[in-house]
1. Looking at segment 103-115, which of the residues that are in contact (Cβ under 8 Å) with a residue 40 or more places away in the chain and not acidic (Asp, Glu) is farthest from TRP135 (Cα to Cα)?
2. Quick one: which residue in GLU108, GLU136, GLU81, GLU122 is within 24 Å of GLN51 (Cβ to Cβ), surrounded by 12 or more Cβ atoms within 10 Å (Cβ to Cβ) and of a type in the set (Asp, Glu)?
3. For segment 147-168, how many residues meet the condition of being more than 16 Å from the chain's Cα centre (by Cα), crowded, with 17+ Cβ neighbours inside 10 Å and either aromatic (Phe, Trp, Tyr) or under 25 Å from GLU85 (Cα atoms) (or both)?
4. Test GLU49 against the criterion of being modelled with pLDDT under 95, charged (D, E, K, R), part of a strand (DSSP E or B) and in contact with a Lys or Arg (Cβ under 9 Å, 6 or more places away or on another chain), and give yes or no.
5. May I ask you to verify whether ILE100 is touching a helix residue (DSSP H, G or I) at 6+ places or on another chain (Cβ under 7 Å), among the aliphatic types (A, V, I, L, M), over 15 Å from ILE131 (Cβ atoms) and touching a residue at least 24 places away in the same chain (Cβ under 8 Å)?
6. Mind checking which residues of segment 1-45 are modelled with pLDDT of 90 or more and in a loop (DSSP other than H, G, I, E, B)?
7. Going residue by residue through segment 39-60, is there one that turns out to be surrounded by 18 or more Cβ atoms within 10 Å (Cβ to Cβ) and farther than 16 Å from ILE131 by Cα?
8. With respect to GLY64, determine if the residue is in contact (Cβ under 8 Å) with a residue 12 or more places away in the chain, surrounded by 15 or more Cβ atoms within 10 Å (Cβ to Cβ) and either touching a helix residue (DSSP H, G or I) at 6+ places or on another chain (Cβ under 8 Å) or not in a loop (DSSP other than H, G, I, E, B) (or both).
Amino acid sequence: MCSHYEAPTATQLEQAFAAAPYEQGKLDLWPGYMGPFLRNRDEPIEPDESQLEVLVGSFGLIPGWSKDTKIARRTYNARSETVAEKPSYRSAWKYAHHCIIPAAAIYEPDWRSGKAIATRIERSDGEPMGIAGLWERWKNPEGETVHSYTMLTVNADDHEFMRNYHRPEDEKRMVVILPKGLYKDWLAAPANESMEFMRRYPADRLAVR
């Protein structure tokens, strides 16, 4: 699971994802904070335009039925095994609201010393991660649209790298980090193909910095 991560700078995001510039906010992100995510545009595009767009939303999915944004503190990660059933996520999953959450690094607690040590984890090649996620839109009491997103996760009990994080007695989880070659496929995939992308990123492609 991941409740703390570092977003790339706007320049890094533009270089890694060929995404249009956006107004950069905080880079150190926790549930409820506003961060960037990428999705395919809803509206038709011109021939020379990118299908990809960058939006800023709440880290933590806010379903349409929610009364306020507080739910984001609990919906920042979605278990891929149950995402289709959980009320908070099932609409976004059903309608394939696929997105990519760009991350320069994620932070996980290492308990091997007997106490939690926050550990910064990156891709070993230094490129930003593209984390598979779901996005949603919500109307606040003023009628304004608020976007939000959640990171999808898979079991990592026997993952050579990620099994070292979180409490020893807890199930080990990890976010779904997409290979770069699957970015377009994930964003365009229909709902009945979503589970095909729920794979564990290779351990040798992750590193601690």
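The values are calculated or read from the model by the stated rules, or taken from the named source; none is laboratory data. No experiment lies behind these values; they were computed from the predicted model shown. Positions of Cβ are generated from backbone atoms using ideal geometry, with glycine treated the same way; all protein chains shown enter the neighbour counts.
1. The initial filter retains those residues of segment 103-115 that are in contact (Cβ under 8 Å) with a residue 40 or more places away in the chain, namely 103-112.
Checking the rest, the ones that are also not acidic (Asp, Glu) come to 103-107, 109, 111-112.
Numbers: ALA103: 16, ALA104: 20, ALA105: 20, ILE106: 19, TYR107: 22, PRO109: 26, TRP111: 31, ARG112: 34 Å.
For segment 103-115, the residue satisfying everything is ARG112.
2. Going through GLU108, GLU136, GLU81, GLU122 in turn, the sole match is GLU136.
3. 3
4. No.
5. no
6. If the condition is that a residue be modelled with pLDDT of 90 or more and in a loop (DSSP other than H, G, I, E, B), then CYS2, SER3, HIS4, ALA7, PRO8, THR9, LYS26, LEU27, TRP30, PRO31, GLY32, TYR33 are the ones that fit.
7. No, that holds for no residue.
8. Against the criterion (in contact (Cβ under 8 Å) with a residue 12 or more places away in the chain, surrounded by 15 or more Cβ atoms within 10 Å (Cβ to Cβ) and either touching a helix residue (DSSP H, G or I) at 6+ places or on another chain (Cβ under 8 Å) or not in a loop (DSSP other than H, G, I, E, B) (or both)), GLY64 does not qualify.
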